[in-house]
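J.: Have a look at this one.
The values are calculated or read from the model by the stated rules, or taken from the named source; none is laboratory data. These numbers were taken from a predicted model, which means no experiment stands behind them. Here the Cβ is made from the backbone with ideal geometry for all residues, glycine too, and neighbour counts use every protein chain on show.
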Amino acid sequence: MLLGAIEAGGTKFVCATGDENGQVSDRISIPTTTPAETMVAVDDYFTSHPVEAIGIGSFGPIGVNPSDPKYGYITTTPKPGWGDFNFLGHLKQKFDLPLYWTTDVNEAAYGEAAIGIAKDVPNSIYMTIGTGVGAGVISNNHIFNGRTHTELGHMRINRLLGDDFECNCPYHDVCLEGFAAGPAIGKRTGKAGKDVAPDNPVWSLVADYIAQACVNLTVAFAPDKIILNGGVMKQKQLFPLIRQKFATYLNGYEEVPTLNDYIVPAGLGDNSGIAGGLLLAKLALNH
Ligand SMILES: Nc1ncnc2c1ncn2[C@@H]1O[C@H](COP(=O)(O)OP(=O)(O)OP(=O)(O)O)[C@@H](O)[C@H]1O
Ligand SMILES: [Zn+2]
């Protein structure tokens, strides 16, 4: 069975084909420019690679609630041309196929939950800390959505004493993304994250904010695992720092799994999203 997946990011779109077990057989990467340009490339890909269903995970915010008139749309993004773009409608018009529509992070969360590091547990959260911060929640093997999708990158956290950084989020004076995403680290240090030395004190600060977020996710969703991925988490020294601060902040309030098994890197590396897309395509096909 050949299935399709789209991981639609703000920088690039990945289109892929693969099987019902999430194994990728072919992929391309398309720069995210204008919808007109980028979507032509997407259409061409699935025209030349016919599949039985497509799972789509998109950058957002997007409409995920079928009762929302903006269901299937990318809604309020500042990205030129993409605001109010009817992504799902476009694909429906081009391809008469079952389609599964969700956020990029939900798609990746689903991939990790189905065949990745969280495959043996029913409840997991996938959080990516990159250009932005986003998280997908898997609850009892299902993608969690409320009235709309979650926006966990914008959770409020406590500003640490002595940290006078001006939050990098245009909406919030204090939020995780504004304090700890790649661009915030860039502003804090004057360097790209990958060029900041592993022992730079900024990592301890970043780890603290991510640890606060992990405590919030723990008490809110009671996951079995929290998966941390994205460019910033390439700094592997963050993991022990985050676990240590997490333990301090949770302060024994509730039992959680051993922290080395609880706050973990992704199992599928850069493939979480595409694998998730293929598996969501299978879900769409079986509905
Ligand atoms: N090795 C690294 N160490 C620290 N930060 C890094 C590293 N590599 C990339 N980054 C930072 O991560 C960010 C890019 O994140 P990522 O690679 O997850 O891509 P992205 O897809 O643009 O992110 P998003 O998923 O938010 O759209 C940039 O701000 C970059 O500076
Ligand atoms: Zn924010």
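J.: Within region 114-144, how many residues are of a type in the set (S, T, N, Q), assigned to a loop (DSSP other than H, G, I, E, B) and touching a strand residue (DSSP E or B) at 6+ places or on another chain (Cβ under 8 Å)?
T.: The qualifying residues number 1.
J.: Taking Gly136 as meeting all but one of (1) touching a residue at least 60 places away in the same chain (Cβ under 8 Å); (2) within 15 Å of ligand 1 (Cβ to nearest atom), write down the number of the exception.
T.: Every condition holds for Gly136 apart from (1).
J.: When region 19-59 is examined, which residues are found to be under 21 Å from Gln93 (Cβ atoms) and either modelled with pLDDT under 95 or of a type in the set (Gly, Ala, Ser) (or both)?
T.: Ala36, Ala41, Ser48, Ala53, Gly55, Gly57, Ser58
J.: Which one is surrounded by the fewest Cβ atoms within 10 Å (Cβ to Cβ), of the residues in region 46-65 that are in contact with a helix residue (DSSP H, G or I) (Cβ under 9 Å, 6 or more places away or on another chain) and assigned to a loop (DSSP other than H, G, I, E, B)? Working first, answer last.
T.: From region 46-65, those in contact with a helix residue (DSSP H, G or I) (Cβ under 9 Å, 6 or more places away or on another chain) are 46-47, 51-60, 62-64; that's our starting set.
Still in the list and also assigned to a loop (DSSP other than H, G, I, E, B): 51-53, 59-60, 64.
Details: Val51: 22, Glu52: 15, Ala53: 24, Phe59: 23, Gly60: 25, Val64: 24.
Of everything passing the filter in region 46-65, Glu52 is surrounded by the fewest Cβ atoms within 10 Å (Cβ to Cβ).
J.: Mind listing whichever residues of region 182-216 are within 16 Å of ligand 2 (Cβ to nearest atom) and touching a residue at least 24 places away in the same chain (Cβ under 8 Å)?
T.: Correct list: Gly182, Pro183, Ile185, Val206, Tyr209, Ile210, Gln212, Ala213, Asn216.
J.: If you take the residues in region 22-32 that are touching a residue at least 40 places away in the same chain (Cβ under 8 Å) and β-branched (Val, Ile, Thr), which one is farthest from Thr77 (Cα to Cα)?
T.: Selected residue: Val24.
J.: Does Asn168 meet the test of being within 16 Å of ligand 2 (Cβ to nearest atom), closer than 17 Å to Gly231 by Cβ and surrounded by fewer than 21 Cβ atoms within 10 Å (Cβ to Cβ)?
T.: In short, yes.
J.: A further question follows. Note down all Cβ pairs under 6 Å where the first residue falls in region 76-87 and is assigned to a loop (DSSP other than H, G, I, E, B), the second is among the aliphatic types (A, V, I, L, M), and they're at least six residues apart or on different chains.
T.: Trp82/Ile74
J.: Condition first: farther than 26 Å from Glu20 by Cβ, in contact with a strand residue (DSSP E or B) (Cβ under 7 Å, 6 or more places away or on another chain) and charged (D, E, K, R). Now tell me which residues in region 39-75 satisfy that.
T.: Passing the criteria: only Lys70.
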